[in-house]
1. Just checking, which of GLY165, GLY130, GLY141 is open to solvent by less than 10 Å² (accessible area, probe 1.4 Å) and at pLDDT 90 or above?
2. Does the range 261-296 hold any residues that are part of a loop (DSSP other than H, G, I, E, B) and out of contact with any Phe, Trp or Tyr (no Cβ under 9 Å at 6 or more places or on another chain), and which are they?
3. Restricting attention to the range 102-118, which residues are part of a loop (DSSP other than H, G, I, E, B) and open to solvent by 20 Å² or more (accessible area, probe 1.4 Å)?
4. Quick check on my filter: what residues within the range 210-242 are crowded, with 17+ Cβ neighbours inside 10 Å and not in a helix (DSSP H, G or I)?
5. When the residues of the range 180-204 are narrowed to those that are of a type outside the set (A, V, I, L, M) and closer than 16 Å to SER273 by Cβ, which ends up most open to solvent (accessible area, probe 1.4 Å)?
6. Name the residue that is nearest to PHE333 (Cα to Cα), counting only residues in the range 177-236 that are touching a helix residue (DSSP H, G or I) at 6+ places or on another chain (Cβ under 9 Å) and of a type in the set (Asp, Glu).
7. Output the residues belonging to the range 430-440 that are surrounded by 15 or more Cβ atoms within 10 Å (Cβ to Cβ) and either of a type in the set (Gly, Ala, Ser) or at pLDDT below 85 (or both).
8. Do any residues in the range 276-292 that are farther than 17 Å from TRP432 by Cβ and open to solvent by 10 Å² or more (accessible area, probe 1.4 Å) have Cβ atoms under 6 Å from those of residues that are of a type outside the set (Val, Ile, Thr) and part of a helix (DSSP H, G or I), where the two are at least six apart or on different chains, and which pairs are they?
Amino acid sequence: MGACLALCSLASCASCLCGSAPCLLCGCCPSSNNSTITRLVFSFFLLMGTFVSVIMILPGMETQLRKIPGFCKGGTSIPGVENQVDCNVIVGYKSVYRMCFAMTCFFFLFCVIMIRVRSSKDPRAAIQNGFWFFKFLILVGITVGAFFIPDGTFHDVWFYFGLVGSFIFIIIQLILLIDFAHSWNKAWVENAENGNKCWFAGLLSFTVLHYALAIAAVVLFYIYYTMPDNCTEHKVFISLNLIFCVIVSIVSVLPKIQATQPYSGLLQASIISLYTMYVTWSAMTNNPNRKCNPSLLSLVSNVNTTQPSGGSPTGQVQWWDAQGIVGLIIFLFCTLYASIRSSSNTQVNKLMQTEEGGGSGGEGVVGEDGIRRAVDNEEESVTYNYSFFHFHLCLASLYIMMTLTNWYKPETNTQVMQSTMPAVWVKMSSSWLGLGLYLWTLIAPLIFPDRDFS
């Protein structure tokens, strides 16, 4: 009986997975807007690929695979069976590069296909919102093909693709954080104005907390990532970003800014300041000068891991460090938020190619069979730019690749990973550009008073 029920359940979802009907027609999908469901499923594809990459790069994974009889070349063998799999490729940084290459190609393909889709009446909208099983097969096929790419210069070339893509994605992350802080501040201020002053206390508490963490980070940076006669770049990075954060914080509460943007405040500035300090920390951890870049483990255990000056890298890579884990957490938050966001910030909506309130959930439509189905809220016009959304996920794939490999550059000849200064400059320049964008959102209504920035 249970098997019969399971088969019936699978059959009811068949059109959602394999059929030509979009997901909004399926009773197996949640009661929500079609646009939200589609973004969540594509984000799930990205997170699934990220999870596979994490497994592939886990320490000791290659050793465990070599224990499987007849699997890895050079591993445990079975008489009469030739080991065919190169485990150096399917685990470690090589596997992450290939997995993320496949995800990048997958999302870039849909980015091109979905250019200029205006409404769900466009035939391509059915591809966007349905055929999930076939999309999954396409992703799997590209992934399998990626593992047959010869080493050659692939990793070196794709490393620079990762740098450029990650630079853009960090900017998008900052935009999403600005939008989140704006929505947060607006909602709590409105609640407080309705009579409950506790919301003001909550806003003040979180603002103070964010600034306290940012100031503590600056102090720790000066103590552990600078030296009196060395690490000049770090001193400049920390000082500049500290000055820039003070500037945007002051500007955000100026009377003229408040007059044009009443919901602008220190909460947004505090979140931007804290994120800027994280990017600064992340950049300094990629400095190849180990005197200026102590590992977190050495700081906690008070162990000197400083490499002699002029010494060459040993190739020992710490795959999992604190800044990488924090980066993954921020990535997960921004990916989920981008899938369900419903913003009234016109400037951010223009930058993210979305419409105001487009991500809000619906009540669902009850069909003749009594099942609630997702609402097609894009019959007149799409609530988000399909192509830009896939471009965002394409960049996210590159960012995941760089984060999981700690932004290290692979050396094909020596099979080691090395920190590089380009990664440092990419992160720092992205933080400066992000601060510049936030400052522009504050002063643009004053410079162009005739335009609508509400």
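1. Numbers: GLY130 fails: at pLDDT 90 or above; GLY141 fails: open to solvent by less than 10 Å² (accessible area, probe 1.4 Å).
Testing whether each residue is open to solvent by less than 10 Å² (accessible area, probe 1.4 Å) and at pLDDT 90 or above leaves just GLY165.
2. Applying the first criterion (part of a loop (DSSP other than H, G, I, E, B)) to the range 261-296 yields 261-265, 285-295.
Correct list: PRO262, TYR263, SER264, GLY265, PRO288, ASN289, ARG290, LYS291, SER295.
3. Applying the first criterion (part of a loop (DSSP other than H, G, I, E, B)) to the range 102-118 yields 114-118.
ILE115, ARG116, ARG118, listed by residue number.
4. Within the range 210-242, TYR225, THR226, CYS231 qualify.
5. Initial filter on the range 180-204 (of a type outside the set (A, V, I, L, M)): 180, 182-186, 188, 190-191, 193-200, 202.
Now drop any that are not closer than 16 Å to SER273 by Cβ, which leaves 180, 182, 184-185.
Values: PHE180: 62, HIS182: 34, TRP184: 42, ASN185: 15 Å².
Only one residue tops the list, namely PHE180.
6. Top of the filtered list is ASP179.
7. Within the range 430-440, SER430, SER431, GLY434 qualify.
8. Hits for this filter: THR285/GLN323.
The values are calculated or read from the model by the stated rules, or taken from the named source; none is laboratory data. Every value quoted in this text rests on a predicted model; they were computed, and no experiment measured them. Because the Cβ atoms are built from the backbone with ideal geometry, glycine has one as well, and the counts that use them run over all protein chains shown. Protein only, heavy atoms only, side chains kept; ligands, DNA and RNA dropped before computing areas. Shrake-Rupley method; radii C 1.70, N 1.55, O 1.52, S 1.80 Å.
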